[in-house]
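What follows draws every value from the coordinates through simple rules; no lab data is involved. As the structure is a prediction and not an experimental result, all values here were calculated from the model. Note that each Cβ is placed from the backbone with ideal geometry, even for glycine, and that neighbours are counted across all protein chains shown.
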Amino acid sequence: MADSDAAGIPRGFGKTEREDAWWIENLPFIIVLGAFAIYTTWRAFEGKFYWTDPYLSPFYSPLIDPEHHWWPFSPAILILGGPLGFRLTCYYYRKAYYRAFLLDPPSCAVGEGRKHYHGETSFPFILQNVHRYFFYIAVIFVAFLWYDAIRAFFFPQGFGVGVGTLVMLLNIVLLSIYTFSCHSLRHLAGGKLDCFSCSTFGPVRHTAWRGITRLNENHMFWAWASMISVGLTDLYIRLVACGAIKDIRLL
Amino acid sequence: MAEVTLRIFRGDQKGGQHVDYKVPLVPGMVVLDAVHSVQGHQAPDLAVRWNCKAGKCGSCSAEVNGKPRLMCKTRMDALPTDRPIIVSPMKSFPLIKDLATDVSWNYKVNKMIPPFQPRPGVEWKMDQRDVDRVQEFRKCIECFLCQDVCHVLREHGKMDEFGGPRFFVRSASLEMHPLDGASRTRLLREKLGIGYCNITKCCTEVCPEEIHITDNAIIPLKERVVDQFYDPLTMLVRKIRGASTP
């Protein structure tokens, strides 16, 4: 290891020769993710205004024991671990929160001022290796949310389209793209093969891998878009359910 | 003619400091031109490593205004010339003199990686689909900017436990090779310490060859390590098939 101080480069937290505002790239993540975390926690514990026929909030889907027969708390608490785990172990979010919240590093070529570092070799971060299992769980949630989005076309009076229907449809499309642009899926679908042309189903898996790779190139965008959309979808349904706004029927 | 101030580090392991040099600003000038101007007219003893001046040899790596970059690919008109431009040696490697650092540790790591080993009886024929991925990795010019910026080496000095992005790229080029039969996943986990990488993508950001180091090399390798050591399902499937853990 170089005695870098000999080269006159400063050491310590936030120390750098960079002259640009390196800290600014962390601000959107701190603000948006922080706001999302606060809102989600509040909504998960609120336990009401999550259903207005035919709309069900994505934070409460699948809806388990809404009548509180055996679960006395908010039904959202039972299910939020799945989507939360998927996002927490997501390769994009890892980059973002390691930088913005754990300051590990705060930005490229900026000092950390931390002495001990284990990366993802020890608890708790070694658990990041189970990301693919959270992906499997996320697929189940996506299936439920597609059911909810289709269900949102069927009002008590019959088939129709409301603003809420379109909001839920857009939300599940964004969530699906985010889920299926996952790095782990890219690996499982074909990336793990060394030779596409000489493996069983190799050509098909190569096509799948290429398609997922195209989506994966914008995984960051889909992560942001789907996170914002799921929050706004819940907010819309909550506002309609509590009577603050009225859902507009388009059809 | 307009002038610009270059604040270049001068010194060695015993110590040193940044020294200001005024250089005439020429259209199309890159930082390496300016450094050469200093060397040619004001400080003939200035140590700087360079070779092709075309972004292909990977020799002139340094830190310009705090960012790891190739000096020959950093245009002066892309930098704020109204204040001194700071040029420092790479921080992660031992300093030799001025802008020259000792990067020999990288060659030692390279020797740890088993070279290409063709599968027994393999047909020497490759489909383009199978080599597309690997060809991206062949663009690497070994400038070691990714090693310089990687905080595991730069901040935490884990040279004994961690190979660094450059050698994950090299490992990926071998692991994904359609004709190669060796497995390097145990090496990646135990000797090259891929678990230390927390995928903050700084290596990708500084790569002058624009190799998608994190997405196309490191993450796929991490997933292969998961296959071998962390995923009970794939471990079970491998056991049923009778394959041993490499």
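Spin-label model, A:Thr41 to A:Phe144: label points 7 Å out along the Cα-to-beta-carbon direction sit 2.2 nm apart.
Name the residues of the range B:134-170 whose amide N is less than 17 Å from a point 7 angstrom out from the Cα of B:Asn110 along the C-beta direction? Label zone hits: B:137-148, B:163-170. Counting only other chain Cβ atoms within 10 Å of each residue's Cβ, the peptide B:192-205 averages 6.
In terms of Cα atoms, the Rg and Dmax of the protein assembly as shown work out to 26.4, 87 Å. Neighbour counting of Cβ atoms within 10 Å sorts the residues A:His116, B:His151, fewest neighbours leading, into A:His116, B:His151. Model label points for B:Thr81 and A:Thr207, set 7 angstrom from Cα along the Cα-to-Cβ axis, are 5.5 nm apart. Within the same chain, lysines fewer than 8 places from B:Lys56 are excluded, and of the rest, those with a Cα less than 17 Å from its Cα are B:Lys73, B:Lys139.
Working note: Karplus 6.51/-1.76/1.60 with θ = phi - 60° gives the range A:70-82 the couplings 10, 10, x, 9, 4, x, 5, 4, 5, 10, 5, x, x Hz, where Gly and Pro are set to x. In this simple spin-label model, placing a label point 7 Å from the Cα along the Cα-to-Cβ direction at both B:Gln135 and A:Ile177 gives a separation of 2.8 nm. As a proxy for reagent exposure, ranking B:Arg186, A:Arg43, A:Arg214 by other Cβ atoms within 10 Å from fewest up yields A:Arg214, B:Arg186, A:Arg43. Using the rule -39500 (n - 2.57) for each DSSP H run of four or more residues, divided by the residues of chain A, the 222 nm mean residue ellipticity is -15500 deg cm²/dmol.
Students often get this wrong: which residues of the range A:71-115 have the backbone nitrogen under 13 Å from the point 7 angstrom along Cα-to-C-beta of A:Asp65? Only A:71-79 fall inside the zone, counting backbone N under 13 Å. As a proxy for reagent exposure, A:Ser107, B:Ser61 were ordered by neighbouring Cβ count within 10 angstrom, fewest first; the result is A:Ser107, B:Ser61. Summary value for chain A: 25 percent relative contact order, contacts being C-alpha pairs under 8 angstrom separated by 6+ residues. Counting only residues at least eight positions apart within a chain, or on another chain, the lysines with an alpha carbon under 21 Å from that of B:Lys14 are B:Lys91, B:Lys97. Per residue of B:95-101, other chain Cβ atoms within 10 Å of the residue Cβ number 2 on average.
The listed peptides B:36-48, A:175-187, ordered by packing as a protection proxy, come out as A:175-187, B:36-48 (highest mean of other Cβ atoms within 10 Å first).
In the range B:104-241, inverting the average of 1/r over every pair of distinct C-alpha atoms gives 15.7 Å as the Kirkwood radius. Within a straight-line Cα-Cα reach of under 20 Å, A:Lys246 can be paired with the following lysines, leaving aside sequence neighbours fewer than 8 residues apart in one chain: A:Lys48. Rounded to the nearest 20 debye, the dipole magnitude of the protein assembly as shown is 800 debye, with +1 charges on Lys and Arg beta carbons, -1 on Asp and Glu beta carbons, and the Cα centre as origin. Shielding value for A:111-120 is 5, the average number of Cβ atoms from other chains within 10 Å of each residue's Cβ.
Here the dipole of the range B:187-246 is about 460 debye; that uses its Cα centre as origin and unit charges on the Cβ of Lys and Arg (positive) and Asp and Glu (negative).
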